[in-house]
Structures are given as structure tokens and as C-alpha cells.
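Worksheet for the structure shown next.
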Amino acid sequence: MNSSSVKADSVADEGAGRGRRERIVEGVSRVLMEQKRYATEMQAAVEDSGLPPAEVRAEFPDFDDLVVAIAARQAARVTGPLRAAMRSGGFDDVRSELIEFGTELRAAFSSVLIGFLRVAMTEGSRRRELRRRVYAEGPGAVTAALRGYLDAAAREGRRALAHGGYAPAS
């Protein structure tokens with residue numbers, strides 16, 4: 001087998017791994033979203049997902065990594081409108097962008113995040129490092145994206161809060 005063939009196989013495996021990883025995160029997130037499900041441990045959520053346990057363990061040998069991956073996925077989802085607005089220079093209607101962000105955040109909290117937070121609190125109560133990682137990839141990332149958007153809008157002179165730290169300099 002030549003080196004280009006090995007490299008192509010490696011790229012294909014990485015792509016398949018990303019797809020499998022996303023499928024696992026999606027499946028477990030779906031379980032956490034169900035209102036009737038009261039799983040408080042990641043093991044129970046994985047079992048209820050219907051995913052092959054060996055596949056989940058192969059992708060996430062440590063369930064802490066799965067908890068962190070779900071936090072990161074949800075943070076990316078809710079900050080999507082802000083990131084898109086920043087990429088496009090969308091500061092003409094800051095109010096609408098913030099409303100869209102708030103709508104995404106509300107939808108996330110009314111679905112996946114409630115179940116996720118229940119699991120994260122249970123798992124994190126036993127492990128301080130997990131709490132730190134979940135915060136960094138979840139709420140910390142959301143806060144950073146919001147602050148980045150507000151800072152960029154202020155630099156463009158498009159945004160001012162009364163009594164806030166984001167009023168544009170005069």
C-alpha cells in the first residue's frame with residue numbers, strides 16, 4: 001500500500017469518526033431532551049439512546065468527554081446567530097440579532113439543556129475538573145461569544161447600554 005493510499009484511508013477514518021461522534025452526541029442529546037426522561041447519569045442516557053454501547057465507548061472512553069462534547073455542541077448551536085452576524089458584519093440591527101440569540105438560548109434551555117444540566121450537575125458534583133471543562137465549553141463559550149458580539153457592535157458604534165460597560169467611547 002502506498003503512502004497516498006494510507007493517507008486517504010486515514011482521512012476517511014477521521015471523517016467517519018466525526019460522523020459517528022456527532023451521531024452519538026445527537027442521540028444522547030435527544031434522550032436528554034425528552035421531558036419524560038429523568039436520567040441523572042450519563043450511563044443511563046447512553047443506554048436509553050439505543051446506540052451500540054461498544055461504539056459509544058470506542059468514541060468516548062471517558063463519559064466526561066461526552067458530557068463536554070454535548071456542552072460544546074449546545075454552545076455552538078445557541079451562539080450560531082451571533083457568530084453568523086459577526087462574520088457578515090451584521091451590526092445594522094443589533095436588537096434583532098440579540099433577539100434571535102435569545103430565542104435560540106430559550107429553545108435550548110427548554111429542551112436539551114434542562115436534561116443536560118441535570119446530568120452535568122450530577123456528574124460534576126463528583127468531579128471538579130468536569131465542572132470546569134463543562135463551563136469552559138458550554139456557558140463560558142456562550143458568554144465569550146455574546147461578549148465578542150457586543151464588543152464588535154460597540155466598536156462599530158452600533159450598540160450602547162445605559163449604565164453598561166458596552167457604551168461606545170466618545
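Of the residues making up region 81-117, those that are open to solvent by less than 20 Å² (accessible area, probe 1.4 Å) and at pLDDT 85 or above number 5. Of all residues in region 130-143, those being open to solvent by less than 60 Å² (accessible area, probe 1.4 Å) and β-branched (V, I, T) number 2. Output yes when any residue across region 28-48 is open to solvent by 70 Å² or more (accessible area, probe 1.4 Å), modelled with pLDDT of 90 or more, farther than 26 Å from I99 by Cβ and among the basic types (K, R), and no when none is. No, that holds for no residue. Among residues of region 88-100 that are of a type in the set (A, V, I, L, M, F, W, C), those with a Cβ under 8 angstrom from a residue that is open to solvent by less than 90 Å² (accessible area, probe 1.4 Å) and outside any helix (DSSP H, G or I), sequence gap 6+ or separate chain, pair up as F91/R159; V94/R159. Out of L161, L146, one residue alone is modelled with pLDDT of 90 or more, open to solvent by 40 Å² or more (accessible area, probe 1.4 Å) and within 24 Å of A84 (Cα to Cα). It is L146.
The values are calculated or read from the model by the stated rules, or taken from the named source; none is laboratory data. Values in this document were obtained by computation on a predicted structure and should not be read as measured data. Backbone-built Cβ (ideal geometry, glycine too); neighbour counts: all protein chains shown. The area values use the complete protein model at the heavy-atom level, side chains included, leaving out ligands, DNA and RNA. Shrake-Rupley method; radii C 1.70, N 1.55, O 1.52, S 1.80 Å.
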